[in-house]
Amino acid sequence: MRAAKTNTGVRQEQIAEAAMEMIAEGGLTALCIAGVAERVGIVPSAVYRHYKGKEAVLDAVLELLRARMLANVAAVRTEMPDALERLRSLFSRHMDMLVENPAFPHVVFAHFSQADNAERWSSLHETMCAYLQEIVRIVEEGQAKGDIRPEIPPRTIAVMFVGLVLPGAMLHRLSGGAFDAVAHVNAAWPIFMRGLTAD
């Protein structure tokens, strides 16, 4: 069925999501413009109106990841002033993103590791650094108010924060769903909070 006409931004996101699904199912070699077009419900030439080719679509997948991660940070900053509540909310959003898009960690770490593309690796590194830096800012604000233990380096907390989610998501994917990532993070979160909360 042919997809209805839509604006450029929405269409580009649809194309990136379709590409991510294809990579998650069959690896980088499974990705093709014709397959992406079929999933979106458009003709292949319509994909080329948005992206020059497969490499540009791959870049769009990473940009989709970056946009969603940083949008989550912006949302928690708008919704709540307290650093600990921001961390809790961001953690919940991070988990929801992975539940809704289980291919994200698989795509990034399993399949992009096969790609010999220094520019793409640099882009991924910049995305992760930007996300970590936003978490660092939240932690520093919590330390300044006395809510988070000041002796723990903020970047250490930020890396541990991300580490609560990604290994479980990867194990869930690699085990075919046998590993319960949600149960894991729900058990790990209180332990993490006890470790960083000031007495």
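For residue 17, indicate whether it is among the acidic types (Asp, Glu), more than 27 Å from residue 171 (Cα to Cα) and either at pLDDT 90 or above or under 16 Å from the mean Cα position of the chain (by Cα) (or both).
no
Considering only residues that are at pLDDT 90 or above and among the hydroxyl-bearing types (Ser, Thr, Tyr), look in segment 71-100 and name the one that is nearest to residue 165 (Cα to Cα).
89
Would you point out the residue of segment 26-42, among those that are farther than 19 Å from residue 122 by Cβ and of a type in the set (A, V, I, L, M), that is most open to solvent (accessible area, probe 1.4 Å)?
Per the criteria, the residue is 34.
If residue 129 passes every condition in (1) at pLDDT 90 or above; (2) farther than 18 Å from residue 65 by Cβ; (3) open to solvent by 40 Å² or more (accessible area, probe 1.4 Å) but one, which one does it miss?
Here residue 129 meets the rest and fails (2).
Would you point out the residue of segment 69-84, among those that are open to solvent by 50 Å² or more (accessible area, probe 1.4 Å) and in a helix (DSSP H, G or I), that is farthest from residue 124 (Cα to Cα)?
Per the stated criteria, the residue is 79.
Kindly list, by first and then second residue, each pair from a residue in segment 143-159 that is of a type outside the set (A, V, I, L, M, F, W, C) to a residue that is open to solvent by 70 Å² or more (accessible area, probe 1.4 Å) and not in a loop (DSSP other than H, G, I, E, B), limited to pairs with Cβ atoms under 6 Å and residues at least 6 apart or on different chains.
Matching pairs, first to second residue: 154/140.
Tell me which residues, restricted to segment 43-67, are within 24 Å of residue 126 (Cβ to Cβ), not in a helix (DSSP H, G or I) and not basic (Lys, Arg).
Residues satisfying the conditions are 50, 51, 53.
Is it true that residue 11 is within 22 Å of the chain's Cα centre (by Cα) and open to solvent by 30 Å² or more (accessible area, probe 1.4 Å)?
For residue 11, the condition - within 22 Å of the chain's Cα centre (by Cα) and open to solvent by 30 Å² or more (accessible area, probe 1.4 Å) - is not met.
Go through segment 135-177 and give me each residue that's at pLDDT 80 or above, assigned to a loop (DSSP other than H, G, I, E, B) and surrounded by fewer than 16 Cβ atoms within 10 Å (Cβ to Cβ).
Matches in segment 135-177: 145, 146, 149, 150, 151, 152, 153, 175.
So, in segment 43-63, of the ones that are open to solvent by less than 20 Å² (accessible area, probe 1.4 Å) and touching a residue at least 40 places away in the same chain (Cβ under 8 Å), which residue ends up farthest from residue 87 (Cα to Cα)?
The selected residue is 57.
Just to verify a result, which residue in segment 92-101, among those that are surrounded by fewer than 20 Cβ atoms within 10 Å (Cβ to Cβ) and part of a helix (DSSP H, G or I), is nearest to the chain's Cα centre (by Cα)?
97
The values are calculated or read from the model by the stated rules, or taken from the named source; none is laboratory data. As the structure is a prediction and not an experimental result, all values here were calculated from the model. We place every Cβ from the backbone using ideal geometry, glycine too, and count neighbours over all the protein chains shown. With ligands, DNA and RNA removed, areas are computed over all heavy atoms of the protein, side chains included. Shrake-Rupley method; radii C 1.70, N 1.55, O 1.52, S 1.80 Å.
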